[in-house]
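One structure below.
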Amino acid sequence: MNSLIEQASRRLEQLRQAGASVPELPPAKAEPSFVAGPGATVEAVREIAKPTRGPNVSRQVDLDLDALVAAGLVSPNAPRSQIADEYRVIKRPLIANAMGKGAEPIANGNLIMVTSALAGEGKSFTALNLAMSIATELDNTVMLVDADVARPSLLRMLGLPAGPGLLDLLVDPEVELSKVLLRTNIDKFSILPSGTPHVRATELLASDAMMEFVKDIARRYSDRIVIFDSPPLLLTTESRVLASHMGQIVVVVQADKTLQRDVQSALATIETCPVKMVVLNQANVGGRDGYGYGQGYGYGYGYGTGA
């Protein structure tokens with residue numbers, strides 16, 4: 001077997017010296033995973049030696065859709081529910097703006113940031129449900145980015161192990177998005193995890209590398225809606241920098257908990273964003289059955305442009 005590969009390697013070297021462009025073969029000491037007969041050709045060896053996955057193929061993960069439904073999350077194969085209906089109302093103006101079908105064109109309208117004034121208000125749950133709801137659309141695809149790099153939670157909520165993601169892209173410009181992006185068994189839904197923990201994770205979120213990343217995906221994926229689960233606005237200045245590059249922002253407010261002055265302060269930090277929506281989490285749903293992540297869950301919402 002090794003002699004066959006050695007012969008192939010010598011032949012390829014001859015071709016290279018003659019000016020032909022040929023790929024590298026594995027070292028002769030590598031144990032191949034195939035059995036080649038005496039009639040095998042150099043071309044056959046080269047074909048078998050090709051990687052089974054192309055350089056731009058993202059990793060596939062399978063979500064447990066039944067478990068997501070049991071946790072109160074929107075799922076494409078779930079029966080109609082109150083929370084699914086609420087997200088249909090919430091997503092409709094966001095999609096219209098993202099696709100340029102709103103009242104007026106919005107720069108980076110397909111980039112949507114989900115945030116809150118303070119921690120623990122349900123923004124990650126909202127970001128995930130919004131992404132899942134948009135993924136049920138016939139004409140839209142969605143990428144969910146876990147940009148809450150100091151306290152990532154999306155992979156845990158989806159029952160997935162930690163892995164490389166956004167921070168790896170920001171630290172190493174040689175890392176390709178396709179290598180860290182997760183494709184799911186929901187055709188139109190992909191996930192970019194927060195990535196490998198870094199001592200300066202929050203600073204990276206406000207770095208030039210992050211701004212270039214945002215500009216790049218806005219340009220490369222203009223037909224895709226990209227949702228960023230962001231850190232709270234009043235706890236980090238980095239989230240405000242990120243907000244300045246978004247076309248739309250959803251601010252999650254927990255009913256009967258978040259102080260009005262905190263909401264007003266949070267909204268004041270994103271005045272320049274063209275479109276802002278306020279989603280009221282855990283609102284009293286007037287006696288109807290609630291759905292939620294381990295508890296009753298309801299929404300009220302407000303919508304405004306430039307205000």
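What follows draws every value from the coordinates through simple rules; no lab data is involved. This one's a predicted model, so the numbers in the text were calculated from it and none came from an experiment. Virtual Cβ from ideal backbone geometry, glycine too; neighbours counted across all protein chains shown.
Could you tell me whether region 111-178 comes out rounded, prolate or oblate from its Cα gyration tensor? Rule is a ≥ b ≥ c as square roots of the eigenvalues, rounded for a/c under 1.5, then prolate if a/b exceeds b/c, otherwise oblate.
oblate
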Quick one: which residues, 5 or more positions from THR141 or on another chain, have an amide H under 5 Å from its amide H? H modelled 1.01 Å from N in the peptide plane, none for Pro or chain starts.
ILE225
Show me 201-212, 239-250 ranked by packing, highest mean number of other Cβ atoms within 10 Å first.
239-250, 201-212
Starting from the amide H of VAL250, placed 1.01 Å from N in the peptide plane, find each other amide H under 5 Å away whose residue is 5 or more places distant or on another chain.
MET113, VAL114, THR115, MET277
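Using the per-residue mean of other Cβ atoms lying within 10 Å as a proxy for protection, in what order, highest first, do the peptides 180-193, 216-229, 120-133 fall?
120-133, 180-193, 216-229
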Taking region 59-305, how many lysine pairs are there with alpha carbons less than 25 Å apart, if each pair must be eight or more places apart or span two chains?
19
Additional length obtainable on full extension of the chain from VAL175 to ASP64, 0.36 nm per residue less Cα span
37.1 nm
Separation of the GLU203 and LEU259 label points, Cα + 7 Å toward Cβ, nm
3.1
Indicate the gyration tensor shape class of region 59-305 (rounded, prolate or oblate), computed on the Cα atoms with a ≥ b ≥ c the square roots of the eigenvalues: a/c under 1.5 is rounded; otherwise a/b larger than b/c is prolate and the rest oblate.
rounded
Provide the per-residue ³J(HN,Hα) series for region 85-94, in order, calculated from phi with Karplus coefficients 6.51, -1.76, 1.60 and θ = phi - 60°, each as a whole number of Hz, with x at glycine and proline positions.
5, 5, 6, 4, 5, 5, 6, 4, x, 5
Mean Cβ-within-10 Å packing, highest first, puts peptides 75-83, 273-281 in the order 273-281, 75-83
